[in-house]
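Novice: Pasting a structure here, questions to come.
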Amino acid sequence: KMTQQMRDLQLAQARKPPGPSSPNAAKRLYRNLSGKFRVNYASFDEGSLVGRGEKEKLRKSYLFQSNAALFEAVELQDLDRVQEMLKHYSPEELDLNTPNSEGLLPLDIAIMTNNAPIARALLQAGAKESPHFVSLESRSLHLSTLVREAEQRVNELMAQVVNEAPSADCSEKEKQLKAWEWRFRLYKRMKAGFEHARVPDAPSSVHLSVASSSSLQVTFWEPLSVNSAVVTKYKVEWSCSPTFSPLLGEAVIDKLKELHFTIQGLVSGTAYHVRVSAYNMKGWGPPQASVPPFAVPSNWREYDGRAPRRRGQAEALDHLLGQVKTVHQHCICHEPCKNQPQSRKHSVSKSLKHLFHPGSKFLKTLKRGLYLTAIFYKDDNILVTHEDQIPVVEIDDTYSCLLMQDFLWLTKVSCMWDEILWLRQCVTVSQSSCSCILQTRFKMLLAISQMQGLLGIQDLGQVFFEPIKDKQGNILIVTLKEVKTNQTFESVRWVPICKLQSGRKSVSSPEEPTALDTLLISLQDKLAYHQRSSHALSAGLYLGYLKLCSAVDQIRVLVPEQLPNILCHVKIRSNPNISREEWEWLQKMANVEEPVPTEPEADRSQNPLFQELQVAIKELMTLVNIPLQEAKDFRLYSQEVLDFGDQVSFLLLLPPSDDVCTAPGQNNPYTPRSGFLTLPLQIFELGEER
């Protein structure tokens with residue numbers, strides 16, 4: 001018998017001790033474990049354990065109990081308990097795919113009792129069906145055997161209970177009888193579920209899209225009717241023939257968290273037909289052809305054969321920087337300057353140098369000038385000096401106003417913190433020109449070196465997009481960096497941000513706060529900006545809105561507060577690739593004179609990109625508070641698709657030419673709602689690169 005073979009296999013493997021003696025005992029075990037399967041083994045008294053062997057034995061005991069409890073939770077159809085156990089235990093710890101003594105897995109029980117919610121939860125956790133059921137006949141025979149043996153056991157126990165006089169032994173037999181009656185009903189329900197089930201219908205929908213010049217993406221949805229049996233896997237097939245003969249390939253998907261699959265290794269320019277079928281315990285259902293019925297792997301660059309914009313740019317910049325360094329290598333500026341004590345090598349410790357050198361200390365107050373402050377934070381803590389002050393160093397005490405070009409230059413320097421000493425040496429040789437700009441920038445480099453030396457770290461992080469100014473004539477440039485590891489710093493320590501804000505005694509009035517007071521008041525906003533500016537978009541194709549405004553000394557770009565490193569945008573679809581056919585259509589639309597596409601309505605309705613763009617444009621116009629009727633004068637940027645890596649791409653929506661950049665004093669009737677800000681264009685470009 002198959003059941004006997006499975007039991008022999010279990011005994012041979014000697015996997016685990018026998019299960020609960022009855023379903024009632026299992027129920028008690030399962031209930032008692034409601035709080036136990038969260039046990040932390042490190043919490044046991046180490047002295048009470050003989051050694052690692054005892055600890056491992058204890059661990060295995062709890063894992064076995066959790067495995068038995070999972071089986072009982074599935075049998076009792078307790079979805080909450082199943083989800084809780086899957087959350088607290090890994091599939092390996094639960095032995096999720098190891099059969100019990102009856103040759104069944106938790107997923108087998110769930111699908112044969114047609115408990116779809118529990119079956120889906122198990123499938124998403126990685127559960128599989130028993131490998132012993134190689135055919136419908138083997139599954140049917142196994143279930144019949146389980147039902148027959150359970151019925152036989154019930155009859156035996158019933159005869160014993162009827163014939164024996166009341167006693168303790170008889171009472172135990174009655175408990176066993178009730179337990180086996182419960183298991184008999186369970187097996188009959190499983191057998192009936194299997195017999196009434198049929199193969200699933202075809203997937204309700206199969207969508208085919210072009211993922212790249214060598215791949216296609218298939219997305220599908222569950223069948224409308226699974227015919228009393230949960231779908232446990234899907235099969236994707238592809239061929240160059242609409243009859244699928246010959247078949248070029250197939251893939252079985254049994255990880256059902258996301259119902260999609262990417263077919264790799266295809267030939268660019270070749271049409272491929274795709275279909276998908278579903279499987280349940282009764283077998284494979286009929287296939288569903290994709291929509292569209294075929295697709296051709298391609299990429300928009302194939303339209304005119306252009307190369308990626310950024311190909312080789314990083315390598316070229318590194319090579320150029322190397323050439324510049326080589327030219328300066330034998331220059332006088334490469335030699336350490338004798339009049340700069342910060343660049344000399346001392347045999348004494350840094351702490352002694354900082355103690356006796358008056359110019360190498362953090363400042364406590366500001367006295368009308370230009371300053372640099374570095375904000376290092378971790379969770380809700382911030383780095384401060386031993387006097388509980390934010391680290392501040394002076395750049396120039398005679399600098400009354402900060403020119404925007406100097407500030408933007410400093411933001412570019414922040415991309416090469418490790419090269420500050422080399423930059424100082426190169427700027428030094430040019431000081432003879434007495435250029436005010438060079439003098440200021442050299443002092444900036446000196447202040448950066450001083451901050452790096454005092455903190456003992458090179459990377460000061462990202463420069464905040466605008467300096468803080470006060471009415472006393474102070475200008476404070478802020479850098480921000482999140483510390484994710486347990487780094488040690490010199491001359492500073494960690495304190496909670498709330499403690500720093502509540503403990504500082506302000507020396508200014510609320511009407512005219514100093515730059516330091518303003519920094520503390522707005523600290524949370526600046527940290528939030530820094531965290532958001534490092535967030536990345538999920539994979540997909542996006543529609544971006546380009547809106548600029550100019551001032552006397554800079555151009556600023558409109559961005560969302562939640563993602564200040566990205567233009568205002570909405571997501572078009574999850575597939576980032578624009579195929580050659582889609583790009584040809586976009587070029588055709590860009591060349592027509594009329595604002596409304598001239599192609600027939602039927603053709604447009606069958607163009608997925610057209611429909612996706614319609615939805616995205618409406619959503620974007622609502623987002624930036626522009627009436628939809630104004631969008632008829634907008635246009636798509638048709639020169640290229642903006643690719644950000646392999647997973648994110650953008651199409652740009654542009655206002656009319658006269659409205660792309662708002663001039664100073666120009667009236668803008670459509671002001672975006674709250675949730676947006678404008679960044680200097682150079683700052684935005686740096687954030688995009690990061």
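The values are calculated or read from the model by the stated rules, or taken from the named source; none is laboratory data. Everything quoted here is computed from the prediction, not taken from an experiment. As a convention, Cβ positions derive from the backbone with ideal geometry for all residues, glycine included, and neighbour counts pool all protein chains shown. These accessible areas exclude ligands, DNA and RNA; they are computed on the full protein's heavy atoms, side chains included. Shrake-Rupley method; radii C 1.70, N 1.55, O 1.52, S 1.80 Å.
Novice: Of all the accessible heavy-atom surface of the stretch 432-496, with the other protein chains kept in place and a 1.4 Å probe, what percent is carbon and sulfur?
Specialist: Answer for the stretch 432-496 is 51 percent, counting heavy atoms of protein chains only.
Novice: Where does the charge balance sit around Gln288 when Lys and Arg score +1, Asp and Glu -1, over other residues with C-beta under 14 Å from its C-beta?
Specialist: Here the charged neighbours net out to -1.
Novice: Would you tally the net charge around Lys484, using a Cβ to Cβ cut-off of less than 12 Å, leaving Lys484 out, and scoring K and R as +1, D and E as -1?
Specialist: 0
Novice: Still on this structure: Can you send over the solvent-accessible area of Trp585, 1.4 Å probe, protein chains only, in Å² to the nearest 10?
Specialist: 30
Novice: How much solvent-accessible surface does Asp380 expose, in Å² to the nearest 10, with a 1.4 Å probe and all protein chains in place?
Specialist: Approximately 120 Å² of Asp380 is accessible to the 1.4 Å probe.
Novice: If you count only protein heavy atoms and use a 1.4 Å probe, how large is the accessible surface of Cys661, to the nearest 10 Å²?
Specialist: Its accessible surface works out to 40 Å², give or take rounding.
Novice: Another question, then. State whether the stretch 55-196 is rounded, prolate or oblate according to the following rule on the C-alpha gyration tensor (a ≥ b ≥ c being the square roots of its eigenvalues): a/c under 1.5 gives rounded; otherwise a/b larger than b/c gives prolate, and the remaining case gives oblate.
Specialist: oblate
Novice: Lys and Arg at +1, Asp and Glu at -1: add these up for the other residues within a Cβ distance under 13 Å of Ser268 and post the number.
Specialist: 0
Novice: Please report, as a whole percent, how much of the solvent-accessible surface of the stretch 207-298 comes from carbon and sulfur atoms (probe radius 1.4 Å).
Specialist: In the stretch 207-298, the share of accessible area belonging to carbon and sulfur is 56 percent.
Novice: Quick one: with all protein chains in place, what share of the accessible area of the stretch 55-196 is carbon or sulfur, to the nearest percent (1.4 Å probe)?
Specialist: Answer for the stretch 55-196: carbon and sulfur cover 51 percent of the accessible area.
Novice: Calculate the all-directions average of the projected area of the stretch 407-487's alpha-carbon convex hull, and give it in nm².
Specialist: Result: a mean projected hull area of 6.4 nm².
Novice: Starting from the Cα gyration tensor of the stretch 369-534, take the square roots of the eigenvalues, sort them a ≥ b ≥ c, and report rounded, prolate or oblate (rounded when a/c is under 1.5, otherwise prolate if a/b is larger than b/c, else oblate).
Specialist: Oblate, because a/c is 1.5 or more while a/b does not exceed b/c.
Novice: Hey, how many Å between the Cα centroid of the stretch 519-536 and the Cα centroid of the stretch 73-95?
Specialist: So the separation of the two Cα centres works out to 40 Å.
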